[in-house]
Amino acid sequence: DKTPRTAENFRALCTGELGPSMALSGPLHYKGSIFHRIVPGFVMQGGDITGRNGKGGESIYGEKFEDEKPFLSHSKKYLLGMANRGPDTNGSQFFITLNDRFPHIDGKHIVFGEVIDGVETIETILQSVNLSTTGFPSLDTAVRIVDCGELKYGNAKKSPQDVSLFATPQKGDIKSMVKTLQGMETICTKSDVKSPESPMVCGENNWDELLKPLVLSSPGPRSVVDETAALRIIEGWKTELQLKLVQINAVLGDDRSLEEMMLCERIVLSNKAYTAAAAKHIASFIAFGTIPSLSSQVISVDLSDIIASREKSEGLSVLKTFSDAFQSGKLMEIDLSDNAMGSKGISSCVSILSLSSLEKLALCNNGLSENSMNEVADILVQHKICRGLKKIHFYNNMSGDGGCKAFARILRHCGNDLVDIRFSGTRAQRQGSLEVAIALKDLVVEKNCNIEYLDLADNSFDDEGADALASSLYLCTNLKHLDVRDCLLGDSGIQEICHSIIQICPLHFLDISGNDITKNGAQHIVSMFQKTSSLRVFRALENELTSFGVRQIMKAMPESVEELFLGFNEVGSVGAAAIIRAKKVLKNLRILEVDGNMFSTEDVLALHEAFGDRLLKMEDNVSDDDADFDLMFGSDDSCGRQSSSRLSLSMHDTCSNMIEEASATNSGVSALSFDGEERGDDLSNSSTLSSADISVTHDDDTDEEQQAGTLMALEKEWSDLKEQSPLKSSGEADKLDRNISF
């Protein structure tokens, strides 16, 4: 009862009842294998049914299976434990303890049984086997398992379920295993069970975990599942289902009918390629193999990536076979992603796509054309599925403008339960993307839909599309995830998006990468940051922010941010310094990605020193050039003039930031004069100058203390700029004081 999966693995390998191994032509059976390692006073180890040398092995659940916890202690001699290569790597190899104290392996291996008869055989082996110094018996004295099977011990009690779970007669192995379990003194009985309020039951098992329905899956690594492998999968499922039945009966009693129990709620068949014959066996078991059927219980099925490498006709047959198995069920969640489907593939899946219970649908990376998307829309609309949808994911189908129109049609028929939308990787142009944006706006405005997850990456929103999208976001006060990567938003589009996000309190994830955002757009990001405190992940890769934009953003970066991505933004030394200065604010930062910029070697070293292993690899950084030099220097070759121009333009940007900040804090600043010309808060078009007279205009009611404070802050910024400048070491920066006055 402590380790039922491990115990069943050992029992089935002793009987060999499950047939051929994936790695062997022979069965999954200990018969013929050897004890390859024997260390007196420690362990004797065997069970390598594939390599016979301690380097192989395979479980009945696949190549390996996960640990069953909590681990029991290796507290005495002759206990059975699982050998492994680390966490969750259990196969068929096992060991028998030959001592009563093993603290160094406690917590690392599953203890699942004990030798209760035949101890004298172990002692005979230890006395007679010729051991090498390494503990491996020589070939002439190898200890071989010549036969093995299952013995019954004790008086097994009658099974609490006289009615079989399975619809067809079974071999005696499953029932006898259950009866044996129930006859053991260690089985959890009703008298042993604590009350539901107690967090632990049956010794160490959690109450909720015992009653939690199963997730049945196709175990092992990616492979082709043929008829033989399918039968093995079914046998494994039978074992899991019967064990779950025993657990539920032990906790709740045996007075419930099978129809009242939910043994399984989800089936995962993904990441395998099924033959048509294999699909028929598994689908038949799902639809007819149990009473009640699995198809009537399961509410979620993952059929993603199940026909890779299959011929087209066989792939379509597999899709239809699995879909039809659930046609009379109550599925609420379906994932059909990563199957090359096309129009015929959609037709093959109509039986589950038209289920009235459907709430969550994923069709990602299916290669759906415009026609295929229209077929999906026809099915969902005609069968009135849309209005019950809570989640709809269509990613990387590249169906173009026509696919956008089909998706917009789906959205228009959805209700206010829809909270999770992914429509990205479409390769759509502006017209198609606008269709989606308008449909989304209508859904939110007219049906009060409050979206929580929205991924519209790789669409093409112009100003009109961005405006429609922003109108939707403004009302989505529960939005936590927003991805508008590669959407051609530009500075004007990002202004609309950021303005709408200000109204959204719980936003956790924001990706605005690849939108040609410049330093002018950065100020809108700053305004958004000043109103949010929940953001955890911020991605703004592959824009044109430059050091000016990054410096603005880093000053306002919320301390809640855990992952920050600013790579490929033409950022140089000034931006690097701003990122490093923000370290004291970013106390929760776990990941920093700033690769693909133009940092000097010194900048990279400083970033590594500041952020350590939180900084991702800098493989594409261009350290030969200084991005800030080109941005701030004019075309004149005069070093003195260029030096002054560089710091003057930096000061332009600094003053612009300060006016914006001062305005937000009501300090009375209303305008900035640069060489006598009033610039307001827009200094982006200033020319390169060799001198500057910077003055600040305050409101009439601003007192002298506020004015003095503003000028002092400006002078400090100027001093900081000179400190950051690579010209400092040459002494050029100090000469500029005579050219700059406040």
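In the structure shown, do any of LYS31/LYS280; LYS108/LYS587; LYS31/LYS272; LYS330/LYS405; LYS64/LYS280; LYS391/LYS447 have a Cα-Cα gap over 23 Å, and if so which?
Exceeds cut-off: LYS31/LYS280; LYS108/LYS587; LYS31/LYS272; LYS330/LYS405; LYS64/LYS280.
Ranking MET44, MET332 by solvent-accessible area of protein heavy atoms (1.4 Å probe, all protein chains present), from largest to smallest, gives MET332, MET44.
Residue ranges 84-97, 231-244 sort as 231-244, 84-97 when ordered by packing (mean number of other C-beta atoms within 10 Å per residue, highest first).
Taking amide H positions as modeled 1.01 Å from N, with prolines and chain starts lacking one, the residues under 5 Å from VAL43 and 5 or more places away or on another chain are LEU98. In the context of the full protein assembly, ARG387 retains an accessible surface of approximately 150 Å², using a probe radius of 1.4 Å and ignoring ligands and nucleic acids. The alpha carbon convex hull volume per residue for the range 542-629 rounds to 77 Å³. The 3J(HN,Hα) values that the Karplus relation (6.51, -1.76, 1.60; θ = phi - 60°) gives for the range 315-321 are, in residue order, x, 5, 5, 4, 4, 5, 4 Hz. Gly and Pro appear as x. For SER217, the residues whose amide H sits under 5 Å from its own are VAL268, ignoring neighbours fewer than 5 places away on the same chain, with H placed 1.01 Å from N. For the range 355-422, the square roots a ≥ b ≥ c of the C-alpha gyration tensor eigenvalues yield an a/c of 1.5 or more together with a/b exceeding b/c, which makes the shape prolate.
Highest average first, the peptides 478-484, 142-148 ordered by how many other beta carbon atoms sit within 10 Å of their residues are 478-484, 142-148.
Among rounded, prolate and oblate, which fits the range 309-409 when a ≥ b ≥ c are the square roots of the eigenvalues of its C-alpha gyration tensor, a/c under 1.5 means rounded, and a/b larger than b/c means prolate? It comes out oblate by the Cα gyration axes. In the structure shown, do any of LYS312/LYS360; LYS55/LYS617; LYS480/LYS583 have a Cα-Cα gap over 29 Å, and if so which? Violating the 29 Å Cα-Cα cut-off are LYS55/LYS617.
The largest accessible area among HIS508, HIS104 belongs to the first residue in HIS104, HIS508, and the rest follow in falling order (1.4 Å probe, all chains).
Rounded to the nearest whole Hz, the Karplus-based 3J(HN,Hα) values (6.51 cos²θ - 1.76 cosθ + 1.60, θ = phi - 60°) of the range 351-360 follow the sequence 5, 9, 5, 9, 5, 5, 7, 5, 10, 10, with x at glycine and proline. Among TYR453, TYR274, the sequence by solvent-accessible area, most first, with a 1.4 Å probe is TYR453, TYR274. The Cα atoms of the range 50-128 cover 34, 29, 21 Å along the three principal axes, with the biggest extent listed first. Evaluating 6.51 cos²θ - 1.76 cosθ + 1.60 at θ = phi - 60° for every residue in the range 402-407, the Karplus couplings come out as x, x, 4, 5, 5, 5 Hz, glycine and proline recorded as x. Counting only heavy atoms of the protein chains and using a 1.4 Å probe, GLU542 has close to 110 Å² of accessible surface.
Taking every protein chain into account, the 1.4 Å probe leaves PHE35 with about 20 Å² of accessible area, to the nearest ten. Full extension of the chain segment joining HIS608 with GLU559 gains 15.6 nm, where the gain is 0.36 nm per residue of separation less the Cα-Cα distance.
The values are calculated or read from the model by the stated rules, or taken from the named source; none is laboratory data. Note that the structure is predicted; figures quoted are calculated from it, not measured. As a convention, Cβ positions derive from the backbone with ideal geometry for all residues, glycine included, and neighbour counts pool all protein chains shown. Keep in mind that these areas ignore ligands, DNA and RNA; they rest on the heavy atoms of the full protein, side chains included. Shrake-Rupley method; radii C 1.70, N 1.55, O 1.52, S 1.80 Å.
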